[in-house]
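These notes concern the structure reproduced below.
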Amino acid sequence: MEDYFPESDFTNAQPACTKNDMNEESLTRFNIARHMAGVPFVVNSAFRSVQHENNKGRAGTSAHTRGTAMDIACATSSDRFIIVNALLKAGFNRIGIANTYIHADNDKQNFENVIWTY
């Protein structure tokens, strides 16, 4: 399987992180989803430290802190459909949909089989 996510995708994310911060199984699933989608996955956010989450007033327990989540930029409804469809087919069972991005994770520590909006 091709690796669609160069290190720069993570160093340019907000906050910056490294590819090694990501959970290996999750990153494999993101590559599968990207392959199936056939459209770019621009990484807005990936791994976030507990300290970063706490500094933002959050509990620090999100899937991002375990490297199982990614927020992917999305500007059009047709790309949103393509991306969400590919993420579901790749095995992601936690999807959040916002106007400008899609959150996806496969974190076992949170409720599974959910889709929410922001």
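Of note:
- Each helix, a run of at least 4 DSSP H residues, gives -39500 (n - 2.57); summed and divided by the residues of the chain, these come to -9500 deg cm²/dmol at 222 nm.
- Relative contact order (%) - criterion: Cα under 8 Å, at least six apart; region: the chain: 23 percent
- Size check on the chain: the Cα extents along the three principal axes, sorted descending, read 35, 29, 25 Å.
- The Cα atoms of the stretch 52-94 give a gyration tensor whose axes a ≥ b ≥ c have a/c of 1.5 or more with a/b no greater than b/c, which makes the shape oblate.
- Highest average first, the peptides 76-86, 106-116 ordered by how many other beta carbon atoms sit within 10 Å of their residues are 76-86, 106-116.
- Ranked packing of 57-67, 10-20, 38-48, most packed first, by mean Cβ within 10 Å: 38-48, 57-67, 10-20
Computed from the coordinates by the stated procedures, all read-outs in this text should not be read as laboratory data. Remember, it's a predicted structure, so these values are computed and weren't measured experimentally. Using ideal geometry, Cβ is built from the backbone for each residue, glycine included, and neighbour counts are taken over all protein chains shown.
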